[in-house]
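Report on the following structure.
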Amino acid sequence: MSFFLETLAGGLLAGVMYALVAIGFVLIYKASGVFNYAQGAMVLCAALTFVTLTERDLPFWLAGLVTLAIMVTLAVAVERVLLRPLVNRSQMTLFMATLGLSYVIEGIAQLLMGASVHELDLGIPDLPVALGPIQLSRFDLVAAASAGALVIALSLFFERTRIGVALRAVADDPQAALSIGIRLPVLWATVWAVAGFVALVAGLLWGARQGVQFSLTFVVLKALPVLIIGGFTSIAGAIVGGLIVGAADALAEIYLGPLLGGSVSTWFAYLLAVAFLLVRPAGLFGERAIERV
Amino acid sequence: MTSASSAADLVPGRRLAWPALPLRYAGFAVLLALAVVGVPLVATDYWYNAILIPFLIMALAGLGLNLTMGYAGQASLGTGAFMAVGAYATYNLLLRLPGLPLPASLALGGLIAGLAGLVIGLPSLRIKGFYLIAPTLAGQFLIEWTFNQVGWFSNYASSSSISAPRLAILGRDLSSPAGRYALTLSSVAVVTAIAWRLVRSQTGRNWRAVRDGETAAAVIGVPVARAKLSAFFAGATVCGVAGALWAFAYLGTVDARSFDLDRSFQAMFIIIIGGLGSLGGSFIGSAFIVLTPILLTHLSEAVLGAGLDGGQVSNIQRVIFGALIISFLIKEPNGLVALIVRLWRRLVR
């Protein structure tokens, strides 16, 4: 029983980290209707920049600031070069454009900073912590806690501030939002910058866990079922979806994997997502499209 | 964001002013004649192996996806999986039914892939728009995993890639580059001709009706469910044939890893850059996707020499390729095929 609980708790903690990546998607999707495949490349780019700077003996806070500045620059550039010319184009075209963007970001990041694996030590010891009958990794707990704090901060930011209200207006009806004077380009750049910040946090946490390397971009494929289950437009959905996928993935790996004779983690979450979609075609918290002729 | 119709969001309806039909038949015939008679006169083994065969096969894969996504508006990221099913099905047919001639195995392998597409397409009856990438991705990962996991499919081969059996039709050996080109070209021509008829039939009109306005189509009595499922079946069948050719005529091995998610993205790029809802667009897109990396390799060798290490060159290529894709998406909303149609009209006037 305690083994089951341990697996479940570990899965839930991992789920918070998935949610962290998924939130980056949700922000951008709400603001610009783009499913941003380049989020994974942004995670890699942020982590790689940060680790390269700290290896040059920059203190953590300065490296973080410089990386953040680079991510904001990237956000402004994306708004200018990609979003503005592609306004009003089909969702699939935008998706493909972000795929192209991910090639560009990955290529430039590795061109400038190399493709080797970097160790990233955030100074959090990876010791087991006993919580009642179960043992958890301290690093996982700290990572999940900081991810959780970020999630709450973002929700408050988008619930309480003017930018948040503007974002919700744009998500609801871009034309109406434009006509009452919301500046869409500024909003887009802001949201992409915030998504860049989220990518930085996600890159640090994931990078400290599995090393800063190219495979960081694959967190996208983990975050996708999370998004689908939660709905593309809901931050709360991303959190709930993250927890569901994290827990289900961990349990399936332990209990279903041996039965099928191999790791099931590449596809299990997607099958789960399809099951959820069949019951709720726009995700748990997503807005259902109203169909008109 | 509320949208009038998610299918219409995904693939906006549009009209291309093509040249008149007889002219297009003539153009098609000229191209085919060139490919049959002209190419073998000048092509070297390098051209067959590195350019012509992959170009034709990826064009076929793009054409399959175009039926599902370009004509019927059902987004799919499962192209790689359908190709894998076609390849493994054909392999097992050749292995276990040695009496079956190669063309029959190819066609049957394609139809089996079509059945897989039908199953993966079932959720499309309930899930719409961009969310449809979920079931097709689930299929993509699950099928890739199954072929790696279950030994029966690869005849319990010790390595994960198995060499393809000898290719022959009516006793004529086709394993030379020219032979494999002939096999590929004839398969592509036959499938393209069938697809050409199909998209102009009632089925094709139903597909487009569902794409342009699903609710409206349902109201006027278009059988929406049948249209969606038939689009998945037809598209996956074509992709299956492409997958079998990829394994047998191009790689020479059957390997699930060559049908991964990147292959699905590649097919998606082909039809979006070439032109959604256009058979010719699949070929143009394939030419772009297959030729650009080769061109970039030659270009970087010529410009930079051999001094730079391979990793950096591939990073530079990645950047250029990504930037090209973005700029084409921005400059040519209806795909490269629209560019060619415009050129044609300018020439005629």
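The values are calculated or read from the model by the stated rules, or taken from the named source; none is laboratory data. Values in this document were obtained by computation on a predicted structure and should not be read as measured data. Every residue, glycine among them, receives a Cβ derived from its backbone with ideal geometry; neighbour counts consider all protein chains shown.
Using the structure shown, decide if A:Val87 is over 24 Å from A:Val151 (Cα atoms), within 14 Å of chain B (Cβ to nearest Cβ) and in a loop (DSSP other than H, G, I, E, B). So A:Val87 passes the test. May I ask you to verify whether A:Ala149 is closer than 22 Å to A:Arg183 by Cβ, modelled with pLDDT of 80 or more, part of a helix (DSSP H, G or I) and among the hydrophobic types (A, V, I, L, M, F, W, C)? It is false that A:Ala149 is closer than 22 Å to A:Arg183 by Cβ, modelled with pLDDT of 80 or more, part of a helix (DSSP H, G or I) and among the hydrophobic types (A, V, I, L, M, F, W, C). Only a single criterion out of (1) farther than 24 Å from A:Leu8 by Cβ; (2) away from chain B (no Cβ under 14 Å) is not satisfied by A:Leu94, namely (2).
Residue count for region A:179-229, restricted to those that are touching a helix residue (DSSP H, G or I) at 6+ places or on another chain (Cβ under 9 Å), of a type outside the set (A, V, I, L, M) and outside any helix (DSSP H, G or I): 2. A single entry from A:Thr54, A:Thr67 fulfils the requirement of being within 18 Å of A:Val198 (Cβ to Cβ), modelled with pLDDT of 85 or more and more than 14 Å from chain B (Cβ to nearest Cβ): A:Thr67. Condition (residue is crowded, with 24+ Cβ neighbours inside 10 Å, within 14 Å of chain A (Cβ to nearest Cβ), closer than 30 Å to A:Phe95 by Cβ and modelled with pLDDT of 90 or more) applied to region B:82-91: is it met by at least one residue? Yes, region B:82-91 contains at least one residue that is crowded, with 24+ Cβ neighbours inside 10 Å, within 14 Å of chain A (Cβ to nearest Cβ), closer than 30 Å to A:Phe95 by Cβ and modelled with pLDDT of 90 or more. So, of the residues in region B:137-146 that are more than 7 Å from chain A (Cβ to nearest Cβ) and buried (at least 22 other Cβ atoms within 10 Å of the Cβ), which turns out to be nearest to the chain's Cα centre (by Cα)? Among those that are more than 7 Å from chain A (Cβ to nearest Cβ) and buried (at least 22 other Cβ atoms within 10 Å of the Cβ), it is B:Gln140.
For region A:109-140, which residues satisfy the criterion of being assigned to a strand (DSSP E or B) and within 23 Å of the chain's Cα centre (by Cα)? Matches in region A:109-140: A:His118, A:Ser137.
Each row is one residue, and each column tells you yes or no for (1) of a type outside the set (Val, Ile, Thr); (2) touching a residue at least 12 places away in the same chain (Cβ under 8 Å).
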{"position": "A:Ala176", "(1), (2)": "yes, no"}
{"position": "A:Val198", "(1), (2)": "no, yes"}
{"position": "A:Ala202", "(1), (2)": "yes, yes"}
{"position": "A:Trp206", "(1), (2)": "yes, yes"}
{"position": "A:Ser215", "(1), (2)": "yes, no"}
{"position": "A:Ser234", "(1), (2)": "yes, yes"}
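In region A:37-52 there is no residue matching the filter, namely being at positive phi, touching a residue at least 12 places away in the same chain (Cβ under 8 Å), under 18 Å from the mean Cα position of the chain (by Cα) and not in a helix (DSSP H, G or I).
Restricting the search to helices (runs of 4 or more DSSP H) fully inside region B:1-70 and requiring at least 1 residues that are of a type in the set (A, V, I, L, M) and at pLDDT 85 or above gives B:53-65. Restrict the check to region A:129-139 and report whether at least one residue is surrounded by 13 or more Cβ atoms within 10 Å (Cβ to Cβ) and within 14 Å of chain B (Cβ to nearest Cβ). Scanning region A:129-139, I find no residue that is surrounded by 13 or more Cβ atoms within 10 Å (Cβ to Cβ) and within 14 Å of chain B (Cβ to nearest Cβ), so the answer is no. Per the conditions (1) farther than 30 Å from B:Leu60 by Cβ; (2) not in a helix (DSSP H, G or I), the sole criterion not satisfied by B:Asn334 is (1). Of everything listed in (1) of a type in the set (A, V, I, L, M, F, W, C); (2) under 19 Å from A:Val16 (Cα atoms); (3) not in a helix (DSSP H, G or I), the single unmet condition for A:Ile239 is (3).
Would you check if B:Phe130 is assigned to a helix (DSSP H, G or I) and within 23 Å of B:Gly151 (Cα to Cα)? Answer is no for this residue.
Pairs are defined by a Cβ separation below 6 Å, a sequence spacing of at least 6 or placement on different chains, a first member in region B:211-227 that is among the basic types (Lys, Arg), and a second member that is modelled with pLDDT under 90; the pairs so defined are B:Arg211/B:Ala7; B:Arg211/B:Val11.
Of all residues assigned to region A:188-202, none qualifies as being farther than 23 Å from A:Ser32 by Cβ, away from chain B (no Cβ under 11 Å) and among the β-branched types (Val, Ile, Thr).
Yes/no per residue for (1) within 21 Å of B:Gly252 (Cα to Cα); (2) among the acidic types (Asp, Glu); (3) surrounded by 18 or more Cβ atoms within 10 Å (Cβ to Cβ); (4) at pLDDT 90 or above:
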residue	(1), (2), (3), (4)
B:Gly121	no, no, yes, yes
B:Arg126	no, no, no, no
B:Phe130	no, no, yes, no
B:Pro135	no, no, yes, yes
B:Ser158	yes, no, no, no
B:Ala164	yes, no, yes, no
B:Leu174	yes, no, yes, no
B:Gly204	no, no, yes, yes
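Conditions tested, residue by residue: (1) away from chain A (no Cβ under 11 Å); (2) more than 25 Å from A:Phe218 (Cα to Cα); (3) in contact (Cβ under 8 Å) with a residue 60 or more places away in the chain.
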site: B:Phe259; (1), (2), (3): yes, no, yes
site: B:Arg263; (1), (2), (3): yes, no, yes
site: B:Ile271; (1), (2), (3): no, no, yes
site: B:Ile284; (1), (2), (3): yes, yes, no
site: B:Leu296; (1), (2), (3): yes, yes, no
site: B:Ile316; (1), (2), (3): no, no, no
site: B:Ile330; (1), (2), (3): no, yes, no
site: B:Asn334; (1), (2), (3): no, yes, yes
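The requirement of being of a type outside the set (Phe, Trp, Tyr), under 18 Å from the mean Cα position of the chain (by Cα) and surrounded by fewer than 21 Cβ atoms within 10 Å (Cβ to Cβ) is fulfilled nowhere in region A:269-282; no residue meets it.
Picking from residues in region B:237-259 that are touching a strand residue (DSSP E or B) at 6+ places or on another chain (Cβ under 7 Å) and modelled with pLDDT under 90, the one that is surrounded by the most Cβ atoms within 10 Å (Cβ to Cβ) is B:Val254.
Only one entry of B:Leu95, B:Leu108, B:Leu100, B:Leu115 meets the criterion of being in a loop (DSSP other than H, G, I, E, B), surrounded by fewer than 23 Cβ atoms within 10 Å (Cβ to Cβ) and more than 13 Å from the chain's Cα centre (by Cα), and that entry is B:Leu100.
The criterion of at least 1 residues that are within 16 Å of the chain's Cα centre (by Cα) is met by the following helices (runs of 4 or more DSSP H) wholly inside region B:175-270: B:177-199, B:224-245. Quick check: is even one residue across region A:116-127 in contact with a Leu (Cβ under 9 Å, 6 or more places away or on another chain), facing another protein chain (nearest Cβ under 9 Å) and touching a residue at least 24 places away in the same chain (Cβ under 8 Å)? There is no residue in region A:116-127 that is in contact with a Leu (Cβ under 9 Å, 6 or more places away or on another chain), facing another protein chain (nearest Cβ under 9 Å) and touching a residue at least 24 places away in the same chain (Cβ under 8 Å).
When A:Ala143 is tested against (1) within 12 Å of chain B (Cβ to nearest Cβ); (2) modelled with pLDDT under 85; (3) buried (at least 18 other Cβ atoms within 10 Å of the Cβ); (4) within 21 Å of the chain's Cα centre (by Cα), just one condition goes unmet, and that condition is (1).
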